[in-house]
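Single-structure report; data block below.
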């Protein structure tokens with residue numbers, strides 16, 4: 001399995017390495033990443049930002065336990081190869097490189113996000129005074145089918161407003 005197929009299967013993003021132009025899957029922990037080592041073999045490189053040997057030592061122990069082969073073993077960083085069809089090796093490699101899979105959204109979640117994006121787009125066009133309550137919103141600042149908000153009652157018209165202490169009584 002090549003790196004492109006692996007990335008698609010596991011919902012991961014591919015990037016081009018700035019050093020040599022190879023395709024990699026970046027991790028969140030330092031410069032750790034996955035790359036294609038050989039035909040049908042992938043590798044995980046652990047390169048923490050800090051020069052602490054703990055992260056590589058813990059990863060090396062987990063890789064060895066999972067049956068992965070250590071290819072480079074430095075003081076603070078190293079590389080291990082794994083079989084992309086072995087689920088337990090993939091899980092360990094992704095964990096120690098700090099790689100998260102992309103979310104798979106249900107149709108209901110996609111619809112909710114679409115509505116949120118639409119509201120955010122509309123809120124961009126609303127002036128700051130409307131957001132703070134200084135002005136009433138325009139009719140085109142609401143979503144289609146959304147009712148207009150009733151006007152706020154003034155202190156004089158509100159029977160629950162206590163004049164003695166100057167605030168609403170609940």
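Rule-based calculations on the coordinates, nothing more; no lab input. Please read all numbers here as calculations on a predicted model, not as lab measurements. Neighbour counts run over all protein chains shown; Cβ positions are idealised from the backbone, glycine included.
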>> Tell me the relative contact order for region 3-97 as a rounded percent, counting alpha carbon contacts under 8 Å between residues six or more apart.
In response: 23 percent
> Looking at the square roots a ≥ b ≥ c of the eigenvalues of the Cα gyration tensor of region 28-79, which shape do they give, rounded for a/c under 1.5, prolate if a/b is larger than b/c, or oblate?
Replying inline: oblate
> Shape call for region 3-97 from the C-alpha gyration tensor, a ≥ b ≥ c root eigenvalues: rounded (a/c under 1.5), prolate (a/b greater than b/c) or oblate?
Replying inline: oblate
> Can you work out the FRET efficiency for the pair residue 104 and residue 52, with r the C-beta to C-beta distance and R0 = 35 Å, to the nearest 0.05?
Replying inline: 0.50
